[in-house]
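Engineer: Quick one: this structure, given as structure tokens, is what I'll be asking you about.
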Amino acid sequence: EAAVTQSPRNKVAVTGGKVTLSCNQTNNHNNMYWYRQDTGHGLRLIHYSYGAGSTEKGDIPDGYKASRPSQENFSLILELATPSQTSVYFCASGDSRAYEQYFGPGTRLTVL
Amino acid sequence: TQTVSQSDAHVTVFEGDSVELRCNYSYGGSIYLSWYIQHHGRGLQFLLKYYSGNPVVQGVNGFEAEFSKSDSSFHLRKASVHWSDSAVYFCAVKAMPNYNVLYFGSGTKLTVEP
């Protein structure tokens, strides 16, 4: 069964530290996405990718980098984590020809 | 400003009741509309979509949604809810200039009481 997986599922980081969130998809979808979810804001798009080697800025890219080394993997990197980046992060994949996006289970990140 | 608006943050109903979750948008031109469901502690799951044709679309688990261009709305309905329908529901839009990106509303938390 096609799936999107995320690791780690929970992470506690210190302010100023580097955090890498990983996402893997077996859907063979071209597009992948990183969102953060905060109460009252729904899901907000951080970065997305059209395929291996591609990364695009979403609506709230500041403080985040992304990397797409392969079709299957898409990482979100916080070089200098701040408490304001405490949130739940979701990865998703989607076929550019279709409509639906398929979401991973989420990563809860706490920055102290 | 292009927006997706879900006016009700919380809706509480009893099992067996009907429910309507409201979604309004302000995008112009051709748009794709969809609804997603998020159970507690889980990722979002696709429910249904609309692009053209019959304005009433059917989704999984007895959900349906109706598109109205005149009202700029895409409300989600279910005739008889079950306790397992308790979740957060998100309306989402794809629009020009980038159909690869989804824009989400803030979500409506549906609680179904026994």
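Engineer: Within region B:19-32, can you find the residues that are closer than 14 Å to B:Asp71 by Cα and part of a strand (DSSP E or B)?
Structural biologist: Residues satisfying the conditions are B:Asn24, B:Tyr25.
Engineer: Which residue, of B:Gly16, B:Gly41, is outside any strand (DSSP E or B), surrounded by fewer than 13 Cβ atoms within 10 Å (Cβ to Cβ) and within 12 Å of chain A (Cβ to nearest Cβ)?
Structural biologist: It is B:Gly41.
Engineer: Can you tell me which residue within region A:9-34, out of those that are hydroxyl-bearing (Ser, Thr, Tyr) and open to solvent by 40 Å² or more (accessible area, probe 1.4 Å), is farthest from the other protein chains (Cβ to nearest Cβ)?
Structural biologist: My answer is A:Thr15.
Engineer: If you don't mind, another one. When you go through B:Ser86, B:Ser70, B:Ser106 one by one, which is the residue that is within 14 Å of another protein chain (Cβ to nearest Cβ) and either more than 27 Å from A:Asp59 (Cα to Cα) or surrounded by 16 or more Cβ atoms within 10 Å (Cβ to Cβ) (or both)?
Structural biologist: Sole residue among the options that is within 14 Å of another protein chain (Cβ to nearest Cβ) and either more than 27 Å from A:Asp59 (Cα to Cα) or surrounded by 16 or more Cβ atoms within 10 Å (Cβ to Cβ) (or both): B:Ser106.
Engineer: Something else now. Filter region B:1-13 for residues that are open to solvent by 30 Å² or more (accessible area, probe 1.4 Å), in a strand (DSSP E or B) and touching a Cys at 6+ places or on another chain (Cβ under 9 Å) and give the result.
Structural biologist: Within region B:1-13, B:Ser5 is the sole residue that qualifies.
Engineer: Go through region B:53-67 and give me each residue that's open to solvent by 10 Å² or more (accessible area, probe 1.4 Å), touching a strand residue (DSSP E or B) at 6+ places or on another chain (Cβ under 7 Å) and of a type in the set (Gly, Ala, Ser).
Structural biologist: Passing the criteria: B:Gly59, B:Gly62.
Engineer: Would you check which residues across region A:58-112 are within 12 Å of the chain's Cα centre (by Cα) and open to solvent by 70 Å² or more (accessible area, probe 1.4 Å) and list them?
Structural biologist: Of everything in region A:58-112, those that are within 12 Å of the chain's Cα centre (by Cα) and open to solvent by 70 Å² or more (accessible area, probe 1.4 Å) turn out to be A:Lys65, A:Arg108.
Engineer: Just the residues that are under 18 Å from A:Gln101 (Cβ atoms) and not β-branched (Val, Ile, Thr), please, taken from region A:40-56.
Structural biologist: Hits for region A:40-56 are A:His41, A:Gly42, A:Leu43, A:Arg44, A:Leu45, A:His47, A:Tyr48, A:Ser49, A:Tyr50, A:Gly51, A:Ser54, A:Glu56.
Engineer: Criterion first (surrounded by 16 or more Cβ atoms within 10 Å (Cβ to Cβ) and out of contact with any helix residue (DSSP H, G or I) (no Cβ under 8 Å at 6 or more places or on another chain)) does A:Gly42 satisfy it?
Structural biologist: The answer is yes for A:Gly42.
The values are calculated or read from the model by the stated rules, or taken from the named source; none is laboratory data. Just so it is clear, the model here is predicted, and its values are computed rather than measured. Methodologically, a virtual Cβ is constructed for each residue, glycine included, from the backbone with ideal geometry; neighbour enumeration extends over all protein chains shown. The area values use the complete protein model at the heavy-atom level, side chains included, leaving out ligands, DNA and RNA. Shrake-Rupley method; radii C 1.70, N 1.55, O 1.52, S 1.80 Å.
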